[in-house]
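Take a look at the structure set out below.
The values are calculated or read from the model by the stated rules, or taken from the named source; none is laboratory data. This structure is a prediction, so every number in the text was calculated from the model and none was measured. When we count neighbours, we look across all protein chains shown, and the Cβ atoms used for this are built from the backbone with ideal geometry, even at glycine. The accessibility values were calculated without ligands, DNA or RNA, using every heavy atom of the protein model including side chains. Shrake-Rupley method; radii C 1.70, N 1.55, O 1.52, S 1.80 Å.
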2 protein chains.
Amino acid sequence: MRFDDVRSFPLAHGVSGRPLFGAGAMLNVIEFEPGATVPLHSHPHEQLGLVLRGMQALVVDGVAHELHPMEGYVIPGGVEHSAYCGPEGALVLDVFQPVREDYRARWENPTAEA
Amino acid sequence: MRFDDVRSFPLAHGVSGRPLFGAGAMLNVIEFEPGATVPLHSHPHEQLGLVLRGMQALVVDGVAHELHPMEGYVIPGGVEHSAYCGPEGALVLDVFQPVREDYRARWENPTAEA
């Protein structure tokens, strides 16, 4: 499948995702518009990922970790984190296990409230 | 972490991987030298992925699926597959869940037989 052909869904203001769902894990190609941020949140799912373009900073315990292309990360389930990107925006591959069923529901029903 | 700083391990002749291990899933950035192939194999782990550079073809049930940058795939656990790349080689992100403990053992003990 081509991620460009996948309908995107909003993750935060200026941040959208294009998901690929497996049985026990999923990919989500997320695009940050310049200056966009993801507020502090957590989820029980383990999250891993890789920056594809631009800069994404992941903030954990008040420490910002700036990630550039071909830099990866692991966030254990339940760990609070927020994110921001650089002035040029960013393209990031996120991986979740297990599947984020909340994302699936939002992606399949785009008219529902995010 | 920077994938470029991760020690690579051999996956097949002309194919190497740079892993990032989570608790329940892992990333593996794999590099195909031009013309390299991965023989037919299977594993119980679910595999998802995304082509980052070049062309990777995944062959399932005798059908070759040619994947180009920003094209993704899911291979359910237990499904036999092989792979080949184009003349320019390829860079691919593979995701496995659960973690490939066989990969971890080979990566942690690079002198052992692949």
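Side notes on the structure shown:
- Of the residues examined, B:Leu52 is not one that is more than 20 Å from A:Ala23 (Cα to Cα), away from every other protein chain (no Cβ under 14 Å) and assigned to a strand (DSSP E or B).
- For region B:1-24, the tally of residues that are within 13 Å of the chain's Cα centre (by Cα) and of a type in the set (Val, Ile, Thr) stands at 1.
- From the options A:Val99, A:Val74, A:Val59, A:Val79, residue that is open to solvent by less than 60 Å² (accessible area, probe 1.4 Å), in a strand (DSSP E or B) and within 12 Å of chain B (Cβ to nearest Cβ): A:Val74
- Members of region B:62-71 that are facing chain A (nearest Cβ under 9 Å) and either open to solvent by 60 Å² or more (accessible area, probe 1.4 Å) or of a type in the set (D, E, K, R) (or both): B:His68, B:Glu71
- Flag if A:Leu27 is within 9 Å of another protein chain (Cβ to nearest Cβ), under 18 Å from B:Leu93 (Cα atoms), over 11 Å from the mean Cα position of the chain (by Cα) and part of a strand (DSSP E or B): no
- Matching residues in region B:82-96 - criterion: being within 14 Å of chain A (Cβ to nearest Cβ) and open to solvent by less than 20 Å² (accessible area, probe 1.4 Å): B:Val92, B:Leu93, B:Asp94, B:Val95, B:Phe96
- Among the residues making up region A:62-71, a single one is of a type in the set (A, V, I, L, M, F, W, C) and outside any strand (DSSP E or B): A:Met70.
- Residues of region B:30-44 that are part of a loop (DSSP other than H, G, I, E, B) and either within 9 Å of another protein chain (Cβ to nearest Cβ) or among the hydroxyl-bearing types (Ser, Thr, Tyr) (or both): B:Ser42 alone.
- Residue in region B:5-15 that is of a type in the set (Ser, Thr, Tyr), open to solvent by 10 Å² or more (accessible area, probe 1.4 Å) and not in a loop (DSSP other than H, G, I, E, B) present: no
- Apart from one condition, B:Arg18 fits all of (1) in a strand (DSSP E or B); (2) touching a residue at least 24 places away in the same chain (Cβ under 8 Å); (3) within 14 Å of chain A (Cβ to nearest Cβ); the exception is (2).
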